[in-house]
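Peer 1: One structure, pasted below without further comment.
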Amino acid sequence: MSLLNLEVPEVKESESVLLERLSRGQLVRRRFFRHKLAVFGLIILVLMFVLAFIGPYFSKHKWDQLDFFNLLQPPSREHYFGTTQIGGDVYALTLRGLQKSLIIGLLVAVFSTGLAAMVGAFAGYLSGRADRVLMWLVDLLLVLPAFLIIAILSPLYRGKTWLVFVVLLAAFGWMITARIIRGMTFSLRERDFIRAARYMGVPTRTIVFRHLIPNVASILIIDATLNVGGAILTETSLSFLGFGVQPPDVSLGTLIAEGTSAALTYPWLFVFAGAILILTVLSVSFIGDGLRDAFDPGSIKSAKK
Amino acid sequence: MLVVLASSLGYFLAATALDPRANFEGRNPPIPESTIDHKLDALNMNTKTPILERYVTWVGDVVHGDLGTTLSENSVNNEISRRIWVSLRLLLIGSILGSVLGVLVGVFSAVRQYKFFDRSFGIISFILLSTPVFLLAILLKFGAINFNNRIGTTFFYTVGEYTPELGGGTWTLLVNRLQHLILPTLSITLGGVAFYSRYQRNAMLDVLSSDHLRTARAKGLTKRQALFKHGLRVAILPMTTFFAYSFGLLITGAVFTETIFGWNGMGQWFIISVQANDVNAVSAIVLFSAVLVLLSGFIADVATAALDPRVRLR
């Protein structure tokens with residue numbers, strides 16, 4: 001008995017020692033993988049990527065091929081998700097759309113978060129006039145809903161590559177993150193290590209890129225993740241109205257738009273695309289939430305009280 | 001100031017990206033170029049006129065309260081006055097219901113943290129936040145059609161704002177409008193409820209563990225009194241900033257609900273005008289949305305001042 005009693009505190013101590021030995025990265029990873037929903041989201045997202053990029057090889061039908069003998073067929077072994085009015089294979093079309101949506105979502109998130117980091121850090125660090133001009137630009141862009149602007153500009157990229165579309169989505173999606181980064185930079189710039197760098201004559205550009213941005217990296221990672229979901233939503237919404245990805249190429253948005261006209265009698269035309277869209281965005285937001293809790297355990301502690 | 005800048009930016013973007021000339025070119029029989037020019041000149045949309053000149057003309061008219069003429073030669077002012085209430089009704093009800101219900105759900109979730117109510121609404125709001133408005137609207141529409149088929153009468157109307165040429169008294173008309181109103185409002189509100197309830201829950205949880213709430217309980221207030229008088233008032237403050245931000249999203253949502261449910265509002269008009277390259281109409285809608293977003297920001301500021309005595313003093 002006495003042995004048992006002695007052992008209990010020992011175990012606790014070794015655990016805390018273990019925690020101290022872990023590096024920050026290991027700690028974050030550990031907390032992330034303890035977050036059930038986040039792991040669930042990660043699994044779903046990985047599955048989506050596998051489905052999007054490897055899935056097409058499991059069907060003999062290509063997304064741009066038409067099967068004229070099977071028009072508007074319900075799901076079967078031949079066509080997993082059924083066929084469209086003109087004989088397109090819904091399975092292949094949906095996966096193609098998923099590919100497009102995932103790539104656009106990722107690219108837009110990376111670009112817009114990068115832009116937000118730079119604008120926010122420069123505005124916060126320089127303050128004064130540069131800050132006022134940049135924040136004024138942010139306010140201006142926030143007043144105009146990004147969706148309206150991109151829709152207005154849509155004739156500019158009609159007939160060009162979808163990369164133009166990506167650039168536009170990123171160009172109008174960075175404002176709120178930039179504001180958050182600016183706020184954090186305000187408190188960082190008075191810290192000793194930044195001051196030391198400044199007095200040593202390190203140029204502003206280097207301070208921003210080498211000292212400021214790495215210090216807000218956790219927020220940037222979280223925001224980039226959450227922006228993926230937002231970007232996918234905006235992209236599909238625009239595509240739904242015909243302002244986004246242009247035919248003959250497909251995205252989940254255009255698929256849903258085409259499917260809805262006849263969807264009451266032929267539900268397979270849009271149900272799969274819709275479900276995949278919701279699942280993808282949901283998994284991304286779970287991952288974002290998990291990352292936030294992993295990087296900032298204070299937020300859960302206060303929430304669990 | 002920001003309204004002027006935002007609408008000017010909107011005008012420049014619209015004027016450069018949209019090409020009204022395309023509407024007249026390539027027709028059969030071909031319209032002579034001079035006729036097109038003449039017509040576009042009358043509308044102040046000729047792409048051959050330098051953009052600054054067109055802009056100055058446009059601003060001059062807008063200052064006098066004239067938003068120009070659409071491509072189909074209707075006055076933009078008339079068109080707006082016909083459509084504006086349709087959209088405002090949707091946006092007003094949507095924003096008020098969304099924020100109020102969202103705040104209530106958030107508060108209850110926080111008070112009953114990790115109980116059934118909190119968990120179920122947490123999951124529902126996560127799913128709602130991941131569903132784009134257009135998909136939600138479509139699903140609601142199909143759900144309603146199925147429901148109608150099942151009960152045999154049209155309970156939910158899925159197209160239009162009201163049934164034209166409907167007889168009967170005021171009461172029948174009112175009920176009819178309500179039946180049309182439910183679905184679009186629902187599709188625009190649910191997202192708002194989910195959005196607000198998540199933030200409200202977090203803000204409320206912070207307040208629940210604060211000292212001043214414990215003091216309020218200690219001085220003898222009941223739990224309900226303490227929560228609503230001292231807790232909610234503090235926890236609701238951060239929501240006012242979200243209110244201003246989310247209004248832009250709400251306008252975007254209105255575009256989809258109006259299109260999907262066939263309402264002749266500003267949002268649906270926007271889609272039509274962009275597709276028709278109608279520069280004047282598009283600029284007018286951008287102006288409209290900029291005014292709305294700034295108004296909502298103003299309301300948010302007033303609400304903050306009303307709730308927070310520290311702001312009022314300054």
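Peer 1: What number, in percent, do you get for the relative contact order of the range B:102-257 if the mean sequence gap of Cα pairs under 8 Å and at least 6 apart is divided by its residue count?
Peer 2: 35 percent
Peer 1: Contour minus end-to-end for residue B:34 and residue B:214, with contour as 0.36 nm per residue of separation and end-to-end as the Cα-Cα distance?
Peer 2: So the extension gain works out to 56.9 nm.
Peer 1: Nearest 0.05, what FRET efficiency do residue B:147 and residue A:265 give at R0 = 22 Å with Cβ-Cβ as r?
Peer 2: 0.85
Peer 1: Let me ask something additional. Arranged by the count of other C-beta atoms within 10 angstrom, fewest first, what order do B:229, A:100 take?
Peer 2: By the 10 Å Cβ count, ascending, the order reads B:229, A:100.
Peer 1: A further question follows. With labels modelled as points extended 7 Å from the Cα through the Cβ direction, what inter-label distance (nm, one decimal) is found for residue B:96 paired with residue A:76?
Peer 2: Here the modelled spin labels are 5.5 nm apart.
Peer 1: Among A:24, B:214, which comes first, then next, by fewest other beta-carbon atoms within 10 Å?
Peer 2: So the residues, fewest neighbours to most, are A:24, B:214.
Peer 1: Something else about it: Of B:162, A:215, B:3, which is farthest on the positive side of the dipole of the protein assembly as shown, counting Cα position, with +1 on Lys and Arg Cβ, -1 on Asp and Glu Cβ, and the Cα centre as origin?
Peer 2: The Cα lying farthest towards the positive end belongs to A:215.
Peer 1: Which of B:200, B:113, B:268 moves the most in a Gaussian network model of chain B with Cα springs under 10 Å?
Peer 2: Evaluated over chain B, the most mobile residue of the options is B:113.
Peer 1: Calculate the dipole size of the range B:141-299 relative to its Cα centre from +1 charges on Lys and Arg beta carbons and -1 charges on Asp and Glu beta carbons; express the result in debye to the nearest 20.
Peer 2: 1120 debye
Peer 1: Moving on. For residue B:85 paired with residue A:49, estimate the spin-label separation in nm (one decimal), with each label point 7 Å from Cα along the Cα-to-Cβ line.
Peer 2: For the pair residue B:85/residue A:49, the computed spacing is 5.4 nm.
Peer 1: Measuring from label point to label point, each 7 Å out along Cα→Cβ, what is the residue A:210 to residue B:59 span in nm?
Peer 2: 4.6 nm
Peer 1: Next question. Taking R0 as 35 Å, what's the FRET efficiency between residue A:193 and residue B:308 from their Cβ-Cβ distance, rounded to 0.05? Kindly include the intermediate steps, with their values, before the conclusion.
Peer 2: On the way: r = 35 Å, r/R0 = 1.01.
Efficiency, from the Cβ-Cβ distance: 0.50.
Peer 1: Moving to a separate point now. At a threshold of 8 angstrom on Cα-Cα distance, excluding pairs fewer than six apart, so keeping six or more, what relative contact order does the range B:198-314 reach in percent?
Peer 2: With pairs under 8 Å counted, the relative contact order is 25 percent.
Peer 1: Return A:94, B:252, B:222 ranked ascending by Cβ neighbour count within 10 Å, so the fewest neighbours appear first.
Peer 2: B:222, B:252, A:94
Peer 1: Taking amide hydrogens as modeled 1.01 Å from N in the peptide plane, which residues meet the under 5 Å criterion relative to residue A:88, leaving out close sequence neighbours?
Peer 2: Amide H neighbours of residue A:88: A:67.
Peer 1: I'd like the mean, over residues of A:134-145, of how many other protein chain beta carbons sit within 10 Å of each residue's own Cβ.
Peer 2: Details: counts 0, 0, 3, 0, 0, 5, 7, 2, 7, 16, 12, 12.
Taking the mean over all residues of the peptide, I get 5.
Peer 1: Ok, one more. Taking 8 Å as the Cα distance limit and 6 or more residues as the minimum spacing, I'd like the relative contact order of chain A as a percentage.
Peer 2: In percent, rounded to a whole number, it is 26.
Peer 1: Pick from A:143, A:250, A:167: which is most flexible by mean-square fluctuation in a GNM of chain A where alpha carbon atoms under 10 Å apart are linked?
Peer 2: Residue with maximal mean-square fluctuation among A:143, A:250, A:167: A:143.
Peer 1: Among the listed pairs A:60/A:100; A:36/A:60; A:62/A:100, which have their C-alpha atoms separated by more than 27 angstrom in this model?
Peer 2: Going by Cα-Cα distance, A:36/A:60 fall outside the 27 Å limit.
Peer 1: Taking the Cα centre of chain A as origin and charging only Cβ (+1 Lys, Arg; -1 Asp, Glu), how large is the dipole, in debye to the nearest 20?
Peer 2: 900 debye
Peer 1: Highest GNM mean-square fluctuation, chain A, Cα pairs closer than 10 Å: which of A:52, A:217, A:92?
Peer 2: Answer for the Gaussian network model of chain A: A:217.
Peer 1: Across peptide B:243-255, what mean number of C-beta atoms from other chains lies inside 10 Å of a residue's C-beta?
Peer 2: Values: counts 0, 1, 4, 0, 1, 7, 3, 1, 3, 7, 2, 0, 6.
Counting other chains' Cβ atoms within 10 Å and averaging over B:243-255 gives 3.
Peer 1: Further question: If R₀ is 51 angstrom, what is the calculated FRET efficiency for the pair residue B:66 and residue A:27, using the beta carbon separation as r and rounding to 0.05?
Peer 2: Using R0 = 51 Å, I get an efficiency of 0.20.
Bear in mind that the values in this text are calculations on the coordinates, not laboratory data. Because the structure is predicted, anything quoted here is derived from the model rather than measured. Reconstructed Cβ throughout: ideal geometry from the backbone, glycine too, with neighbour counts over all protein chains shown.
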